[in-house]
Amino acid sequence: MTTTKPEHHAMRPSQGRYLRRRIAVAFAVMVVLLLSALLAARLIDRVRVDRPSEAATSKQADSPKMADRAPKLISPVDYNHNGVDDYSDIVAGTRQDAEHHPHYDSGYYQGGYPPADRGACTDLVWPSLRTAGYDLKAMVDADIASHPDAYSAAISRPDPNIDFRRASVLGIFLGRYGQTLTNDTADHDQWGQADLVVFDNGWHIGVVSDRRDQSGVPLLLHNMGQKERENDYLNSPKRRPITGHYRFDASKVPADVLKAWTS
């Protein structure tokens, strides 16, 4: 019997080139997919940091470096006779509310005051003055009732439920009865604890802290929904322009406007 050996079919050169080409293409596709995944991850991280929101406006200011106590500004007034001057009371009240960290809410509430766990930027201001013994709502309402024309640029018709929670209205009130100071944050001596700062003609308002950053610019106690309610917003390149810087002084408020907190 004759045994026939199986034929051995050698790979033709064209087949080898085709196979190598397919391997090379597959490898290239894998490299492209890997690079695309890495690029997508980087883009996602970038969006998380730079997303256009009010909180992002303050993100760079959330962790000030080497923040220290500023030279303490002492008010000659202790309106509520608690043994603590007004400016120290105002900062303490603002910081207490900031640490409470109310959810940002600029909504309208019958009676004026929002719930304790909610509030806008102005809802750090009236509690700070309340700590010093002042009823900001009653003072604003009284001044609007007596001098409506002075507020015509901010409101068309008085509404006690919301007027004291408008930063533009507070800017007018403070301009009438507060000490007007520089808007230049580089002029460090003109900035003191408890000063009130209005941004962009009533877009925002905050209270100057008794702490400063490494460059000597005060921190700001404020609420725009950001994580850290006491931060370096005044020194942030993304902050809105300062259009008002005031120091509250009870001696400048007429007797018929000055109201004590009684609740």
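The values are calculated or read from the model by the stated rules, or taken from the named source; none is laboratory data. Just so it is clear, the structure is predicted and the values come from calculations on it, not from any experiment. No Cβ is skipped: glycine too gets one built from the backbone with ideal geometry, and neighbour counts run over all protein chains shown. The protein model used for the area step is the full one, side chains on, heavy atoms only, and it has no ligands, DNA or RNA in it. Shrake-Rupley method; radii C 1.70, N 1.55, O 1.52, S 1.80 Å.
Tabulated results
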quantity	calculated
Residue within the stretch 173-187 that is over 24 Å from residue 78 (Cβ atoms), open to solvent by less than 30 Å² (accessible area, probe 1.4 Å) and either assigned to a helix (DSSP H, G or I) or of a type in the set (A, V, I, L, M, F, W, C) (or both) present	no
Residue that is farthest from residue 208 (Cα to Cα) [pool: residues in the stretch 126-153 that are part of a loop (DSSP other than H, G, I, E, B) and not hydroxyl-bearing (Ser, Thr, Tyr)]	147
Residues of the stretch 155-166 satisfying the condition of being touching a residue at least 12 places away in the same chain (Cβ under 8 Å) and open to solvent by 10 Å² or more (accessible area, probe 1.4 Å)	155, 158, 160, 161, 162, 165, 166
In the stretch 154-172, the residues that are closer than 16 Å to residue 203 by Cβ and either polar (S, T, N, Q) or not in a loop (DSSP other than H, G, I, E, B) (or both)	165, 167, 168, 169, 170, 171, 172
Cβ pairs under 8 Å, 6+ apart, first in the stretch 173-201 and in contact (Cβ under 8 Å) with a residue 60 or more places away in the chain, second assigned to a helix (DSSP H, G or I) and open to solvent by 60 Å² or more (accessible area, probe 1.4 Å)	177/252; 178/252; 179/252; 181/190; 182/190
Matching option when the condition is more than 21 Å from residue 141 (Cβ to Cβ) and either out of contact with any strand residue (DSSP E or B) (no Cβ under 8 Å at 6 or more places or on another chain) or surrounded by fewer than 18 Cβ atoms within 10 Å (Cβ to Cβ) (or both), among 201, 231	201
Failed item in (1) part of a strand (DSSP E or B); (2) in contact with a Lys or Arg (Cβ under 8 Å, 6 or more places away or on another chain), with residue 198 passing the rest	(2)
Search result, residues across the stretch 234-263 that are open to solvent by less than 20 Å² (accessible area, probe 1.4 Å), under 16 Å from residue 140 (Cβ atoms) and of a type outside the set (Phe, Trp, Tyr)	244, 250, 253, 257
Residues (in contact (Cβ under 8 Å) with a residue 12 or more places away in the chain, under 25 Å from residue 159 (Cα atoms) and more than 15 Å from the chain's Cα centre (by Cα)) located in the stretch 91-111	108, 109, 110, 111
Filtered residues of the stretch 124-137 (kept if touching a Ser or Thr at 6+ places or on another chain (Cβ under 9 Å), surrounded by fewer than 23 Cβ atoms within 10 Å (Cβ to Cβ) and either without any contact (Cβ under 8 Å) to a residue 24 or more places away in the chain or under 15 Å from residue 163 (Cβ atoms) (or both))	135, 136
Residue in the stretch 140-148 that is crowded, with 17+ Cβ neighbours inside 10 Å and β-branched (Val, Ile, Thr) present	yes
Scope the stretch 212-228; condition in contact with a strand residue (DSSP E or B) (Cβ under 7 Å, 6 or more places away or on another chain) and either of a type in the set (Asp, Glu) or surrounded by fewer than 19 Cβ atoms within 10 Å (Cβ to Cβ) (or both); matching residues	213, 225
